[in-house]
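K.L.:
The structure follows.
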Amino acid sequence: MNEKKEFDTDQLLQSAATGDGKAADELLNRHRRRLRQLVAVRMNNDLANRVDPSDVVQDVLTTAHQRLDDFLREKPIAFYPWLRQITLNRMIDLHRHHVLATKRSIHREEQLAVINDNSADQLARHLVDHRSSPSRQLARAELKQRVMEALDQLSSEDREIVVMRHLEGLSVREIADVMSMPEGTVMTRHFQAVRKLRRMLDE
């Protein structure tokens, strides 16, 4: 199934490169749902109260359409990781404009939340067997807090791999493109990171 989707994307890229406008539109629109998921995972509450996630995705697709010819000529990375980076850059700009602008210190630098509360809850469901003792003993809010604390104990790269794999739904190949590392390394680090997270949650 994934291979068929990748093949279709490659075909659309080839058609778009020849000037096929319908192929270009389809290429962008078919990734709308994935971008919406990315925004939902990464957008913190402060920004969510000021910006509609659907508007963010539409802005990203408009920007991507304007830059598509340059991408097709250069193809610096795979297509979805390219869209994903445009999305993250847009969210950072919005965060600076809508959130940091309201802070007392305009020099204060903040990054977007790695994940938000809803995403922490979703990740907890991936990591914890709900028949196990931790899920019976811990209140839901406490479990989410422990997930956040456990993520903080991972390296930044391992944390990103876990979030991209389990919350954004990226394939190993796509994560390898984003992280600029071999697929085998991604698989190994993902396995070790998840094992470490589960061990910390079970303690």
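No value in this document is a laboratory result; all are computed from the given coordinates. Quick caveat: nothing in here was measured; it's all calculated off a predicted structure. Neighbour counts are summed over all protein chains in view; Cβ atoms, including those assigned to glycine, are modelled from backbone coordinates with ideal geometry.
K.L.:
Quick one: if the Förster radius is 35 Å, what FRET efficiency do SER155 and ALA17 give, using the C-beta to C-beta distance and rounding to 0.05?
P.N.:
After rounding to 0.05, the efficiency reads 0.40.
K.L.:
Give, rounded to the nearest 20 debye, the magnitude of the charge dipole that the stretch 2-102 has about its Cα centre when Lys and Arg contribute +1 at Cβ and Asp and Glu contribute -1 at Cβ.
P.N.:
300 debye
K.L.:
Could I ask something else about it? Work out how much length GLN145 to ILE77 would gain on full extension: take 0.36 nm times their residue separation and subtract the Cα-Cα distance, in nm to one decimal.
P.N.:
That works out to 21.0 nm of additional length.
K.L.:
From the phi angles alone, apply the Karplus equation (6.51, -1.76, 1.60; θ = phi - 60°) to the stretch 80-90 and give each ³J(HN,Hα) in whole Hz, x where the residue is Gly or Pro.
P.N.:
Per residue, the Karplus-derived 3J(HN,Hα) values read 5, x, 5, 4, 4, 5, 4, 5, 5, 5, 5 Hz.
K.L.:
For the stretch 2-102, place one equal point scatterer on every Cα, skip the solvent, and apply the Debye formula. What is log10 of I(q)/I(0) at q = 0.10, 0.19 Å⁻¹?
P.N.:
Evaluating at q = 0.10, 0.19 Å⁻¹ gives log10 I(q)/I(0) of -0.30, -0.90.
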